[in-house]
Amino acid sequence: MSIDIQNLYFPEVKVISPKIFGDDRGFFLETFNTSKFDEIGIRDVFVQDNLSVSKRGTLRGLHYQLLNPQDKLVFVSYGKVLDVIVDVRVGSPKFGHFQSIELDGSKMQFLYIPKGFAHGFLTLSERAVFQYKCSEYYFPEDQYSILWNDEDIAISWPKNISPILSLKDKSAKSFKQSKIEKLLPKYNEE
């Protein structure tokens, strides 16, 4: 598995571009290889794989778990999404900042999101298949959401798409209302 790595605004978040082998029949790529990911510093043991199929305008997130935080390795195998992360690491110099990146199934890029980030995405194409690995199980009683259009975070969502939200995501709290700083331990850079 040959991989190119790109760091983003948050250096611990990485865009991973695997080598794609293509010809007139189609293409092949290795989507995960423990030893190769270990070589680039991603040593997580992933315990759960998830797949989501969404129609254009579907907005999922911004989700995080407090007691059971998750490292995630996400990718779009079909379609396009705008993937968004928000730093919820209390004491981090970038606490409350966000970053967005377009993930496109034709590029097969992976996004590594470590613990301490709320995560969500907006479907840009007619349909998108979004897949991700998690280092911790999903605990519904431990899942929280930040309001997608929170004024303090001010995420730059595309203006030409009206988001379709679940009831849970519609009723999410603002970043200030979530009081994350009172619920999470202080972030320590290592």
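Close Cβ contacts (under 9 Å, 6 or more residues apart or on different chains) running from residues in segment 97-111 that are of a type in the set (A, V, I, L, M, F, W, C) to residues that are outside any strand (DSSP E or B) and open to solvent by 70 Å² or more (accessible area, probe 1.4 Å) comprise Phe98/Tyr9; Phe98/Ser156.
A quick yes/no check of all residues on (1) among the acidic types (Asp, Glu); (2) closer than 13 Å to Val13 by Cα; (3) out of contact with any Pro (no Cβ under 7 Å at 6 or more places or on another chain):
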{"site": "Gly79", "(1), (2), (3)": "no, no, yes"}
{"site": "Ile85", "(1), (2), (3)": "no, yes, yes"}
{"site": "Val88", "(1), (2), (3)": "no, no, yes"}
{"site": "Gly91", "(1), (2), (3)": "no, no, yes"}
{"site": "Ser100", "(1), (2), (3)": "no, yes, yes"}
{"site": "Asp104", "(1), (2), (3)": "yes, no, yes"}
{"site": "Lys107", "(1), (2), (3)": "no, no, yes"}
{"site": "Leu111", "(1), (2), (3)": "no, yes, yes"}
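Listed here are the strands (runs of 3 or more DSSP E) enclosed by segment 99-184 that have at least 1 residues being closer than 24 Å to Ser77 by Cβ, at pLDDT 95 or above and not polar (S, T, N, Q): 110-113, 117-123, 127-134. In segment 69-88, the qualifying residues are those that are farther than 22 Å from Ile153 by Cα and not β-branched (Val, Ile, Thr), and the one that is most open to solvent (accessible area, probe 1.4 Å) is Tyr78. Residue pairs whose Cβ atoms lie under 6 Å apart, sitting 6 or more positions apart in sequence or on different chains, and linking a residue in segment 3-27 that is under 14 Å from Pro114 (Cα atoms) to a partner that is part of a loop (DSSP other than H, G, I, E, B) and open to solvent by less than 90 Å² (accessible area, probe 1.4 Å), are Glu12/Pro114; Val15/Gln109. If we keep just the residues of segment 17-35 that are touching a strand residue (DSSP E or B) at 6+ places or on another chain (Cβ under 8 Å) and under 21 Å from Glu136 (Cα atoms), which is modelled with the lowest pLDDT? Checking each candidate, the answer is Thr31. Within segment 104-113, is even one residue out of contact with any helix residue (DSSP H, G or I) (no Cβ under 7 Å at 6 or more places or on another chain) and farther than 24 Å from Phe46 by Cβ? So far as segment 104-113 goes, yes, one or more of its residues are out of contact with any helix residue (DSSP H, G or I) (no Cβ under 7 Å at 6 or more places or on another chain) and farther than 24 Å from Phe46 by Cβ.
Out of Glu102, Glu136, Glu141, which single residue is charged (D, E, K, R), more than 22 Å from Asn7 (Cβ to Cβ), under 16 Å from the mean Cα position of the chain (by Cα) and open to solvent by 30 Å² or more (accessible area, probe 1.4 Å)?
Numbers: Glu102 fails: more than 22 Å from Asn7 (Cβ to Cβ); Glu141 fails: under 16 Å from the mean Cα position of the chain (by Cα).
It is Glu136.
The values are calculated or read from the model by the stated rules, or taken from the named source; none is laboratory data. All of these numbers come straight from a predicted model, not from anything done at the bench. Here the Cβ is made from the backbone with ideal geometry for all residues, glycine too, and neighbour counts use every protein chain on show. Just the protein is used for accessible areas: all its heavy atoms, side chains included, with ligands, DNA and RNA removed. Shrake-Rupley method; radii C 1.70, N 1.55, O 1.52, S 1.80 Å.
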